[in-house]
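Derivation of every value follows stated rules applied to the coordinates shown; laboratory data play no part. Here the structure is a predicted model, which is why all the values come from computation and not from measurement. Because the Cβ atoms are built from the backbone with ideal geometry, glycine has one as well, and the counts that use them run over all protein chains shown.
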Amino acid sequence: MPEPPFSHDPDVHRAETPPGSFYSDPAAYAAQAALFARSWQLVTPPLPQREHATPWTLLPACLDEPLLLTRDAGGVARCLSNVCTHRGAQVLHEACAAKALRCGYHGRRFGLDGCLKGAPGFEGALDFPRPSDDLPALPLEAWGPLSFTSVDPAQPFATFREPLDHWLGGLPWERAQRAPEADRDYPVAAHWALYVENYLEGLHIPYVHQGLVQALDFGSYRYASTPSGTIQIGVAPEGDPTLALPAGHPAGERVAAIYVWCFPNLMLNVYPWGLSLNLVEPSGPSSSRIRYQRWVWAPELQDQGAGGDLERVEYEDQAVVEAVQRGIGSRLYRRGRYAPAHEAGTHHFHRLVLAALGANDKQA
Ligand code: FES
Ligand SMILES: [Fe+2]
């Protein structure tokens with residue numbers, strides 16, 4: 001079993017937060033790529049139309065995995081490797097209409113399903129072609145309006161989607177319209193895990209987000225953990241818009257927002273108007289990109305309540321996590337502790353990190 005990147009007590013009352021090196025050491029950052037390769041990742045570009053293909057790099061500056069999204073004449077969408085099985089050239093460089101794919105280096109041809117169709121110059125090659133001469137296919141799965149893939153999934157998609165079905169089922173996903181005009185990309189000068197940790201605790205909200213204090217009833221904030229993430233429920237003050245949830249829904253009454261975090265880097269924020277998601281893309285030991293996308297089912301409610309001024313909240317969060325990045329580099333900072341009543345989600349995150357790195361130590 002690999003050496004744990006830090007010791008960690010399973011009991012939140014005793015545990016210490018990770019040391020600064022976890023968030024700043026280039027070797028630690030390189031090792032963390034393994035957990036992204038084994039996780040389910042959101043497919044960020046739209047899936048192509050029939051007989052079209054789109055090249056897509058999964059997590060640039062982290063996994064840097066060249067992929068290809070295709071849809072064949074029969075309407076089947078796929079996620080394939082964009083690396084030619086001959087000598088490794090990139091097969092497709094730009095999104096295009098395509099009945100087949102052709103590598104520009106030596107002319108090898110593939111179907112939109114990745115199967116090898118032709119290999120100029122290979123007459124006489126023995127034991128050729130083999131299945132490994134096809135473009136490798138990754139799983140492509142759907143949940144609501146979202147698509148997911150994984151290079152080497154550590155858990156089946158059915159397990160990944162379970163908390164989404166449980167907590168976000170019964171909402172009008174069939175009416176959700178993608179709103180690309182609301183897309184935002186923010187560079188943040190902080191390690192990806194610092195951004196995630198900040199998302200997982202509400203303790204900072206009264207200090208950092210004065211505006212949110214009015215939009216949520218803090219006495220009633222609820223929290224739950226799932227095997228691969230966390231759920232936070234924001235309760236609306238009297239008179240504010242609430243989510244139209246089916247009777248008996250586990251989120252309870254007067255729900256202003258459901259915040260679902262999916263390990264390691266996806267946040268689904270559901271408001272009365274629809275879904276705002278943020279994806280944390282690691283881009284270096286002390287830098288990340290936060291990518292926002294939106295799906296809307298009730299546009300008239302977009303400016304109200306907890307789902308109103310999201311940009312202001314985002315800037316407030318970014319400013320604090322960037323300050324933390326500078327802080328954890330201090331020669332005088334060692335390790336912190338968890339506030340048990342508020343930071344169980346952060347502690348759970350660190351347990352999942354250790355488990356995903358194959359190093360869920362008992363020896364704290
Ligand atoms: S690398 Fe693609 S055909 Fe040679
Ligand atoms: Fe925040």
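Observations on the model:
- Within segment 171-229, the residues that satisfy the criterion of being of a type in the set (Lys, Arg) and more than 18 Å from GLU343 (Cβ to Cβ) are ARG175, ARG178, ARG184.
- Residue under evaluation ALA77, criteria (1) among the small types (Gly, Ala, Ser); (2) in contact with a strand residue (DSSP E or B) (Cβ under 6 Å, 6 or more places away or on another chain); (3) within 11 Å of ligand 1 (Cβ to nearest atom), criterion not met: (3)
- Boolean, LEU116 is touching a helix residue (DSSP H, G or I) at 6+ places or on another chain (Cβ under 8 Å) and aliphatic (A, V, I, L, M): yes
- TRP297 passes every criterion in (1) closer than 22 Å to VAL255 by Cβ; (2) of a type outside the set (D, E, K, R); (3) free of Cβ contacts under 8 Å to residues at least 40 places away in the same chain apart from (3).
- Qualifying residue in segment 45-53 (condition: touching a residue at least 12 places away in the same chain (Cβ under 8 Å), touching an Asp or Glu at 6+ places or on another chain (Cβ under 9 Å) and among the hydrophobic types (A, V, I, L, M, F, W, C)): no
- Residue ID - surrounded by the most Cβ atoms within 10 Å (Cβ to Cβ), chosen from residues in segment 119-153 that are more than 16 Å from ligand 1 (Cβ to nearest atom), in contact (Cβ under 8 Å) with a residue 40 or more places away in the chain and acidic (Asp, Glu): GLU141
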